[in-house]
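In what follows, a single structure is set out as structure tokens and then discussed.
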Amino acid sequence: MNIEKLKSAFTKVFGVKENIQLFFSPGRVNLIGEHIDYNGGCVFPSAITYGTYAVVSPREDRLVRLYSGNFEECGVIEFNLSDLSHTEDEHWSVYVKGVMEQFEKMGFEIKTGFDAYVYGTIPNGSGLSSSASLELLVSQILKELNGYEITMIDMVKLSQRAENDYVGVNCGIMDQFAIGMGKKDYAIKLNTNDLSYEYAEADLGDNSILIMNTNKKRELADSKYNERRGECDEALALLQTVADINYLCDLSEEEFNRVSNVINKDVLYRRAKHAVTENERVKLATHALAAKDLKRFGQLLNQSHKSLRDDYEVTGKELDTIVELAWAQEGVLGARMTGAGFGGCAIALVQNDALETVKEAIAKGYKEKIGYDAQLYVATIGDGTKTIA
Ligand code: ADP
Ligand code: MG
């Protein structure tokens, strides 16, 4: 990112200001462990170098003035710190106010207003979690400007609560965790049950992660997401009549097979089966990566996609098409959808010397089959949310 360009964009909107500070918050890819961060499972995401930047200057008064280079049609959004209520035409400031409200609930006084120019390189609404990126960005800005003593873990948790309570999206903790706690060259094995975590070196050998954006908007994604959560709760309640568990992912696959006959509805059985088997796949995948067995890692990505397609039913035509195209290419070790599904992005693990031909074949095949272009780009694993300068 060209920092000088960002600064001059700030100046164009807000004029020349002193005390300019720069912040960055990444997006994330989840390598494996999908739809289990709300089932007490283990997930395996990384922060990426695509992300959201902010150029910020504190103000003497209590006004907050925001401008996003990605949503120029919104112009400057302005509000006063004394009134963080949800207005009807809120747009993206909903994420800013939501985070502010959580800081206040934790007893942090927000003293200074500020002007902020925001610009993100993550495609919005594609499952790379630009929303969590923005939430952590705002957390970091508030921390720096007001001098709070607060840990990144606490900012991760309050950012999730902002999305749950203020924005109204019932997301798990994974996105905020990966974004806040991300580390260059590492993936994070996160146990969402107790938030214990380990950094795992993401040594992909001679391979890269290719992000494949279907450009299919995730229509209905939020309602379907909540529906899946409801189904998991139903399956859990049935299993709890025979097993002493708090979450679906408390069961190993073997234990699940022993007791799963209490789930008397096929659809609920399949949802639970996905959660349990996906959790096992995360364990196997982290071992495969540690052993540098990228071939095995790729096979687990494929199994994950099939489980999300057949048992959890969150893929759809576009994601299935792009993943199947990837599977068909020489030099692709594995591929699967990533994020909530129903559209958005998939990832493929691709041998570096095959990258160009693979990209070409997928781009061409996708356009032919779906009728519009996909976006393909190589992901680099980067740092979590930080103050740049
Ligand atoms: P995802 O998190 O998968 O990218 P969401 O729908 O959860 O998709 O979040 C996208 C929303 O987050 C955008 O519509 C916008 O309101 C907000 N957002 C994300 N990035 C930016 C940005 N750079 N500038 C302003 N708002 C942003
Ligand atoms: Mg989001």
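The values are calculated or read from the model by the stated rules, or taken from the named source; none is laboratory data. Keep in mind it's a predicted model, so treat the numbers as computed, not measured. So basically every Cβ, Gly included, is an ideal-geometry build from the backbone, and we count neighbours across all protein chains shown.
Against the conditions (1) out of contact with any Leu (no Cβ under 6 Å at 6 or more places or on another chain); (2) outside any loop (DSSP other than H, G, I, E, B), where does V169 fall short? Just the number, please.
(2)
Scan the range 247-270 for residues that are free of Cβ contacts under 8 Å to residues at least 24 places away in the same chain and of a type in the set (S, T, N, Q) and jot them down.
N257, S260, N261
Condition check ((1) surrounded by fewer than 13 Cβ atoms within 10 Å (Cβ to Cβ); (2) within 20 Å of P123 (Cβ to Cβ)) across all residues:
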{"residue": "A354", "(1), (2)": "no, no"}
{"residue": "E360", "(1), (2)": "yes, no"}
{"residue": "A363", "(1), (2)": "no, yes"}
{"residue": "Y366", "(1), (2)": "no, yes"}
{"residue": "L376", "(1), (2)": "no, yes"}
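For the range 164-178, give me each residue that is small (G, A, S) and either more than 18 Å from R228 (Cβ to Cβ) or within 10 Å of ligand 2 (Cβ to nearest atom) (or both).
Of everything in the range 164-178, just one residue is small (G, A, S) and either more than 18 Å from R228 (Cβ to Cβ) or within 10 Å of ligand 2 (Cβ to nearest atom) (or both), namely A178.
Out of curiosity, is V267 farther than 30 Å from K386 by Cβ, touching a Ser or Thr at 6+ places or on another chain (Cβ under 9 Å), of a type outside the set (D, E, K, R) and surrounded by fewer than 17 Cβ atoms within 10 Å (Cβ to Cβ)?
No; evaluated as a whole, the condition is false for this residue.
Listed here are the residues, each with its yes/no results for (1) surrounded by 22 or more Cβ atoms within 10 Å (Cβ to Cβ); (2) closer than 30 Å to N226 by Cβ; (3) touching a Ser or Thr at 6+ places or on another chain (Cβ under 6 Å); (4) modelled with pLDDT under 95.
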| site | (1), (2), (3), (4) |
| --- | --- |
| I3 | no, no, no, yes |
| F23 | yes, no, yes, no |
| H35 | yes, yes, no, no |
| S46 | yes, yes, no, no |
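Among the helices (runs of 4 or more DSSP H) confined wholly to the range 289-389, which include 1 or more residues that are touching a residue at least 12 places away in the same chain (Cβ under 8 Å), hydroxyl-bearing (S, T, Y) and more than 19 Å from T277 (Cβ to Cβ)?
317-327, 355-370
When you go through (1) over 17 Å from L84 (Cβ atoms); (2) away from ligand 2 (no atom under 13 Å from the Cβ); (3) of a type outside the set (V, I, T); (4) in a helix (DSSP H, G or I) one by one for S139, which number turns out not to apply?
Here S139 clears every test but (1).
In the range 142-164, what count of residues is obtained for those that are surrounded by 24 or more Cβ atoms within 10 Å (Cβ to Cβ) and assigned to a loop (DSSP other than H, G, I, E, B)?
0
Return the pairs, sorted by first residue and then second, in which the second residue is basic (K, R), the first residue lies in the range 160-180 and is within 18 Å of H91 (Cβ to Cβ), the beta carbons are less than 8 Å apart, and the residues are 6+ apart or on different chains.
Y166/K97
Being under 24 Å from the mean Cα position of the chain (by Cα) and either crowded, with 20+ Cβ neighbours inside 10 Å or within 16 Å of ligand 2 (Cβ to nearest atom) (or both): is that true of E101 here?
The answer is no for E101.
If only one of G147, G120 is away from ligand 1 (no atom under 13 Å from the Cβ), modelled with pLDDT of 95 or more and more than 30 Å from G40 (Cβ to Cβ), which one is it?
G147
Have a look at G168, G205 and point out the one that is within 16 Å of ligand 1 (Cβ to nearest atom) and not charged (D, E, K, R).
Result of the check over G168, G205: G168.
From the residues in the range 226-264 that are assigned to a helix (DSSP H, G or I) and among the polar types (S, T, N, Q), which one is surrounded by the most Cβ atoms within 10 Å (Cβ to Cβ)?
S260
Among residues belonging to the range 35-84 that are over 25 Å from I3 (Cβ atoms) and of a type in the set (F, W, Y), point out the one that is farthest from ligand 1 (Cβ to nearest atom).
F44
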